[in-house]
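The values are calculated or read from the model by the stated rules, or taken from the named source; none is laboratory data. Small disclaimer: the values here were computed from a predicted structure and weren't measured. No Cβ is skipped: glycine too gets one built from the backbone with ideal geometry, and neighbour counts run over all protein chains shown.
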Amino acid sequence: MPDPAVERRTRKRQMTRQAISDVATRLFFERGFDGVTIDEIAQAADVGRMTVFNHFPRKEDLFFDREDAIRDAALTALRARDRATSPIQALRALAHRLIDTPDPTFPLFDGTCRFVQTALASEALKARARQMRDEFVQLLAAALVEDAAAPKDDPDAHLAAGLIAAAWTVAFMEAHKLFAEKDDLDAANRRFLALIDKGMAGVEAALAGSAYAGAA
């Protein structure tokens with residue numbers, strides 16, 4: 001049976017983390033990522049400097065605070081898929097679910113313009129985004145290897161992971177660009193899914209005959 005005291009501490013920690021994140025996001029949007037210090041975030045959130053670092057080891061983590069949720073969604077889609085569905089098809093289906101049933105915790109386009117603009121204006125954030133993409137590719141490759149019971153250094157798994165990450169990145173950025181220009185969410189969604197579909201078709205063609213393109 002869950003311990004009520006532990007649950008209270010967990011809720012309090014989650015609330016503190018969210019409050020710090022909300023304050024940091026507001027300041028980053030107002031003044032740019034590089035124009036805000038950790039001390040200013042701590043003061044605005046009414047917490048100590050070390051409390052901020054206890055929740056967010058790096059300043060960049062305050063900005064990309066939803067990265068874990070996005071990564072987990074991809075890995076869950078892979079692991080929980082119907083075994084008649086290939087890993088590549090499962091990640092294509094995830095993109096369609098995110099459009100058909102938007103998740104309020106990480107909207108794809110509506111409400112993300114300031115986020116993307118702030119990220120593109122900071123060399124530190126662009127560098128961290130590249131690092132996170134590389135880390136995700138490694139995690140996805142490991143998950144693909146585990147799923148297929150393949151050798152850890154299977155080059156096909158690393159190729160699949162890299163191509164999937166590239167397809168998602170291009171689809172998101174192109175759809176965001178269209179939304180920023182036209183303020184048309186439906187058009188952005190259509191562009192995102194069209195590029196996802198093309199990208200995943202390309203990945204399946206490149207990996208034809210492998211465990212990653214065929215059904216289990």
Among the helices (runs of 4 or more DSSP H) confined wholly to segment 55-115, which include 2 or more residues that are under 26 Å from A160 (Cα atoms) and more than 12 Å from the chain's Cα centre (by Cα)? 67-79, 87-100
Hey, among the residues in segment 92-138 that are of a type in the set (K, R) and surrounded by fewer than 18 Cβ atoms within 10 Å (Cβ to Cβ), which one's modelled with the lowest pLDDT? R114
Select, from L178, L195, L159, the only residue that is under 22 Å from A73 (Cα atoms) and more than 19 Å from the chain's Cα centre (by Cα). L159
Expected output for segment 139-152 (first residue crowded, with 16+ Cβ neighbours inside 10 Å, partner of a type in the set (S, T, Y), Cβ below 7 Å, 6+ apart or cross-chain) is L144/Y212; A148/Y212
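Quick grid of which residues meet (1) in contact with a strand residue (DSSP E or B) (Cβ under 9 Å, 6 or more places away or on another chain); (2) of a type in the set (A, V, I, L, M); (3) under 24 Å from A124 (Cα atoms):
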residue: E7; (1), (2), (3): no, no, no
residue: R11; (1), (2), (3): no, no, no
residue: V23; (1), (2), (3): no, yes, yes
residue: D34; (1), (2), (3): no, no, yes
residue: A42; (1), (2), (3): no, yes, yes
Restricting attention to segment 184-196, does a residue exist that is surrounded by fewer than 20 Cβ atoms within 10 Å (Cβ to Cβ) and either outside the structural domain of R92 (by TED's automatic domain parsing) or not in a helix (DSSP H, G or I) (or both)? yes
Among the residues in segment 80-91, are any exposed (fewer than 15 other Cβ atoms within 10 Å of the Cβ) and of a type outside the set (A, V, I, L, M, F, W, C)? yes
Using the structure shown, decide if A127 is under 12 Å from F64 (Cβ atoms), of a type outside the set (D, E, K, R) and in a helix (DSSP H, G or I). yes
